[in-house]
Amino acid sequence: MKSWFRHPFARAMAALALVLLLGFIFNADGAFFKWGTHSDMYRAISVYGILACGMTMVIIIGGIDLGVGSILGLSAVLFSLLAIRQGWPPWMAIPATLMAGAVCGLAAGGLIARFRVQPFIATLAMMVFARGLAKWISGGQKISTVIQKANGDFMNVPVPAVFDQLGAKILHGNLAVVTVIFLISIMVCWIILTKLRWGRFMYAIGGNEEAARLSGIPVWAMKLLAYGLSGLFCAVAGICQAAQELQGDPEAGVSYELTAIAIVVIGGTSLAGGRGGIGLTLLGALTIGYLEKILSINAVGEAARLMLTGVIIVGAVLFQRMRK
Amino acid sequence: MPCLEANSNSIPPAAEMPLVEMSGIGKTFAGVRVLEDVRFELSPGEVHVLAGENGAGKSTLMKILCGVYPDYEGEIRLAGRPVRFKSPHDAFRHGIAVIHQEIALIPDLSVVDNIFLGREPVRRGGWLDRSGQRTKAREILDQLGLDLDERQPAGDFSVAIRQMIGIAKALTFAAEVIIMDEPTATLNGPEAERLFTLIARLKAQGRGIIYISHKMEEIYRLGDRATVLRDGRFINTARLPDLPEEEFIRWLVGRKLDQQFPPRRASPGATRLEVTGFPLPNPAGSRNNVGAGVTFRVAAGEILGFAGLQGSGNSELFHGLFGACGDEVGDSVMLDGRPFRSVSPAYSLRHGVALLTNDRKGNGLVPALSTARNITLAALKKFSPRGWLRPKSEQEAAATQRDALNIRVASLDQEVGELSGGNQQKVVLAKWLETAPKVLLLDEPTRGVDIGAKHEIYELMNRLTATGISILLITSEMPELLALADRILVMHRGRIVAEFDRTVATPEKIAHAAMGE
């Protein structure tokens, strides 16, 4: 293989190109060549992509975050409760939800950084806990604009404008707002990981934690930061999810953590930590998104789709690992 | 040279047919000759000490004997029959067992399961013969005088007992030759005594034991004969009772101190670091407050050498001073007349104390980061005002260090994991120099570094001390210590037991002091 292929970005591009090639071949009578197909895929992958942004930092620092799906669900419920039931204006409801997500991430990060609980265990606990909390504050019900009154009647409250705004499409319906939010998340992570000292510290900790510690790097503070940011991105994703569904579903985001991890890994970020980047995660999100889309426009049944996705994820990762 | 006279003596004849005879053994690694015409012989019922400095070729020779390196020159005879082992398993089946320093037992498995691990006796149909195993294990443990419950997990026992379980494991295969590589390195006095009793028993059973150790006391106590290697060559074999200790030490360290070291012109200035009763941290992280602690002082521009055997406390002292163990130690350290609190690496680096550890892969480098990023890692605040990185000034600083230390890289963006050992070590040094230290703690700075790079590191140390930096140096290479250090402190069991000025220090004096004599 040529030397360019050793660069992880080139390999992630190659994986994406391969999937796109599949799309060209199995284009479902030209459906693949319509912009609508693409913009729809971008919208569908955006929530997963936002989760994958935080996940990228956590994985680079040498950890894993299994709690992202549950924190998303909790955030969606909380945001709906505040914006619909409590009638909070968006400038209060959004920061409150973001704060809650960040606190969840920080709690898991604190267990990991301070008490040396394994990331898998700490975030697994957070995954269960946050799901429970989401069900508790919602009473197990979807929080929507339909409200049951004390006498058993149902009443409809108007959808808060912020839901419509976040769930909308801009540029004449060509680009979803959530996709824009996803791209902004990517930008934020890119700045943190490549432009700030924090990012360098994260790579160093993931690459060799003991060497980082002996180099005077505040290891536990950086871990808190990574997991806290991951929680924050979960809240962003949860708000987007609620806006798209016009409700806060306590069951939202179940198994999303696995998709988020798959996106990061398919991009080529190493699960061992210390190697990878947010650009790779963007490519990974596109790869997974297109894969799903191509299978669905070709009307591949769900059973076959899941099996094929599993096979292709392994294939893509092996393909990336190929050397010389 | 005394060793040449000694060389002309013939090997004292063994009483009977030797168990092992190795002759004309040679081995080359990547073009480097590590063993040249080495011979070795082991008789039944003998404890034969294999001695030599680090890098003398002891472990290579033993790895050849136990099948790890099947590719060598020369001949091995086992009870008179020529053999050539293809793998460790092959050697094991011929009755050669190795007891490593760190016994590889699986802590959660029972003693029996560990003893039979990998070669479990089975009954017809592939069923484990558990009762048979237990009977056999019991028999061997009794034979070794080990009174323990063989069903208990191996992890429940002390290192000493685990080592003996390792020996029991070796004996289940009727091992005739047992290689022990520094078995007492991790044992305390009474534990070592149990091991010595066991060795006496094995001897009485007619088994041959190859014993590797740096401790003079036990060498003379246990050994029947000793073979000394140096720089991959056979120096001599002699019966230990007839071998004066002075002669033995000269065989071990007897290299002429040549001009491989640049001349050292020390100009020590005012006192830089003053350590009074500093408690040594123990490996578990908590402080070991026995004794009065360690007391010494270092002047600006001075190189203070630390000698001592494995486990003497040198490295622990360095880690403790640097704050790598995290506890506060009160006012036992003064730096330039002000109290210095060894609380954390970050604190130490801020105050101008840096530690180069003896394990650059384990905790010195971040292999996945580029050379430039490793160099700037510990001083990154300098290159990121208000948190924003300045890649250009990073590159410039890294390039300056590269030129000053003569680090050979294709590009500063090259991952540091791809560099050679010597260049990696220079990168770690550059990282610490970038923090502008006043005191450099160097723990084995030339470990795994080739001769050329070593020389450059020596010259660098001279240049640094000329600018007033104080260096504390641990090295297990005696010539290096004698050539570089202005003063030498010798540690033994966590205490400083001797101090020598460079003008009076000799390898013999240091070796004696390091063994606690």
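So that you can scan it fast, the table gives a plain yes or no per residue for (1) more than 14 Å from every other protein chain (Cβ to nearest Cβ); (2) small (Gly, Ala, Ser); (3) touching a His at 6+ places or on another chain (Cβ under 8 Å):
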| position | (1), (2), (3) |
| --- | --- |
| A:Gly140 | yes, yes, no |
| A:Gly173 | yes, yes, no |
| A:Gly199 | no, yes, no |
| A:Ala221 | no, yes, no |
| A:Leu225 | no, no, no |
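Of the residues A:Gly310, A:Gly279, which single one is among the small types (Gly, Ala, Ser) and crowded, with 19+ Cβ neighbours inside 10 Å?
After applying the criteria, what remains is A:Gly279.
Checking the structure you have, find out if any residue of segment A:247-270 is open to solvent by 10 Å² or more (accessible area, probe 1.4 Å) and within 14 Å of chain B (Cβ to nearest Cβ).
yes
Condition test on B:Ala430, is it hydrophobic (A, V, I, L, M, F, W, C), surrounded by 15 or more Cβ atoms within 10 Å (Cβ to Cβ) and either out of contact with any strand residue (DSSP E or B) (no Cβ under 7 Å at 6 or more places or on another chain) or modelled with pLDDT under 90 (or both)?
yes
If A:Pro95 satisfies all but one of (1) part of a loop (DSSP other than H, G, I, E, B); (2) more than 22 Å from A:Gly268 (Cβ to Cβ), what's the number of the condition it fails?
Only one criterion in (1) part of a loop (DSSP other than H, G, I, E, B); (2) more than 22 Å from A:Gly268 (Cβ to Cβ) is unmet by A:Pro95, namely (1).
Here are some residues: A:Met187, A:Met155, A:Met127. Which one is within 17 Å of A:Gly228 (Cα to Cα), among the hydrophobic types (A, V, I, L, M, F, W, C), open to solvent by 30 Å² or more (accessible area, probe 1.4 Å) and more than 14 Å from every other protein chain (Cβ to nearest Cβ)?
A:Met127
Limited to segment A:201-214, what total is found for residues that are more than 10 Å from chain B (Cβ to nearest Cβ) and surrounded by fewer than 19 Cβ atoms within 10 Å (Cβ to Cβ)?
The qualifying residues number 0.
Within the bounds of segment B:393-406, is there any residue that is surrounded by 22 or more Cβ atoms within 10 Å (Cβ to Cβ), away from chain A (no Cβ under 14 Å) and of a type in the set (Val, Ile, Thr)?
no
Those residues that are crowded, with 16+ Cβ neighbours inside 10 Å and in a helix (DSSP H, G or I), I need them from segment B:77-113; list them, please.
Passing the criteria: B:Pro88, B:Ala91, B:Phe92, B:Val111, B:Val112, B:Asp113.
With A:Gly109, A:Gly49, A:Gly87 as the choices, which residue is of a type in the set (Gly, Ala, Ser), out of contact with any strand residue (DSSP E or B) (no Cβ under 9 Å at 6 or more places or on another chain) and modelled with pLDDT under 95?
Within the list A:Gly109, A:Gly49, A:Gly87, the selection yields A:Gly87.
Within segment A:224-244, is there a residue that is under 19 Å from A:Val68 (Cβ atoms), surrounded by 24 or more Cβ atoms within 10 Å (Cβ to Cβ), in contact with a Pro (Cβ under 9 Å, 6 or more places away or on another chain) and modelled with pLDDT of 95 or more?
yes
Collect the residues in segment A:100-121 that are without any contact (Cβ under 8 Å) to a residue 24 or more places away in the chain, in a helix (DSSP H, G or I) and surrounded by fewer than 17 Cβ atoms within 10 Å (Cβ to Cβ), keeping them in residue-number order.
A:Phe115, A:Ile121
Could you list, ordered by first residue, the pairs with Cβ atoms under 6 Å in which the first is in segment A:272-297 and on the phi > 0 side of the Ramachandran plot and within 14 Å of another protein chain (Cβ to nearest Cβ) and the second is assigned to a helix (DSSP H, G or I) and surrounded by 24 or more Cβ atoms within 10 Å (Cβ to Cβ), at least 6 apart or interchain?
Every condition considered, the pairs that remain are A:Gly273/A:Gly206; A:Gly274/A:Tyr203; A:Gly274/A:Gly206; A:Gly274/A:Gly207; A:Gly276/A:Ile60.
Can you tell me which residue within segment A:211-269, out of those that are assigned to a helix (DSSP H, G or I) and of a type in the set (Ser, Thr, Tyr), is nearest to A:Gly63 (Cα to Cα)?
A:Tyr227
I'd like to know if segment A:255-272 contains one or more residues that are charged (D, E, K, R) and more than 29 Å from A:Gly132 (Cα to Cα).
Looking through segment A:255-272, none of the residues is charged (D, E, K, R) and more than 29 Å from A:Gly132 (Cα to Cα).
Exactly one of these conditions fails for A:Trp136: (1) in contact with a helix residue (DSSP H, G or I) (Cβ under 8 Å, 6 or more places away or on another chain); (2) of a type outside the set (S, T, N, Q); (3) over 30 Å from A:Met202 (Cβ atoms). Give me its number.
(1)
Please count how many residues of segment B:343-385 are within 30 Å of B:Glu477 (Cα to Cα) and facing chain A (nearest Cβ under 8 Å).
14
When you go through (1) modelled with pLDDT under 90; (2) surrounded by fewer than 17 Cβ atoms within 10 Å (Cβ to Cβ) one by one for B:Ser332, which number turns out not to apply?
All conditions pass for B:Ser332, except number (2).
Hey, any hits in segment B:452-472 for a residue that's touching a helix residue (DSSP H, G or I) at 6+ places or on another chain (Cβ under 9 Å), within 19 Å of B:Gly362 (Cα to Cα) and of a type in the set (Val, Ile, Thr)?
Scanning segment B:452-472, I find no residue that is touching a helix residue (DSSP H, G or I) at 6+ places or on another chain (Cβ under 9 Å), within 19 Å of B:Gly362 (Cα to Cα) and of a type in the set (Val, Ile, Thr), so the answer is no.
Taking B:Leu440 as the residue in question, decide whether it is within 11 Å of chain A (Cβ to nearest Cβ), buried (at least 21 other Cβ atoms within 10 Å of the Cβ), touching a residue at least 12 places away in the same chain (Cβ under 8 Å) and closer than 22 Å to B:Arg264 by Cα.
Against the criterion (within 11 Å of chain A (Cβ to nearest Cβ), buried (at least 21 other Cβ atoms within 10 Å of the Cβ), touching a residue at least 12 places away in the same chain (Cβ under 8 Å) and closer than 22 Å to B:Arg264 by Cα), B:Leu440 does not qualify.
How many residues does segment A:42-92 contain that are assigned to a helix (DSSP H, G or I) and surrounded by fewer than 24 Cβ atoms within 10 Å (Cβ to Cβ)?
Residues in segment A:42-92 being assigned to a helix (DSSP H, G or I) and surrounded by fewer than 24 Cβ atoms within 10 Å (Cβ to Cβ): 9 in total.
The values are calculated or read from the model by the stated rules, or taken from the named source; none is laboratory data. Just so you know, these numbers come straight off a predicted model, no measurement behind them. Cβ sites come from the backbone with ideal geometry, for glycine too, and all protein chains shown count toward neighbours. All accessible areas refer to the heavy atoms of the entire protein, side chains included, with ligands and DNA or RNA removed. Shrake-Rupley method; radii C 1.70, N 1.55, O 1.52, S 1.80 Å.
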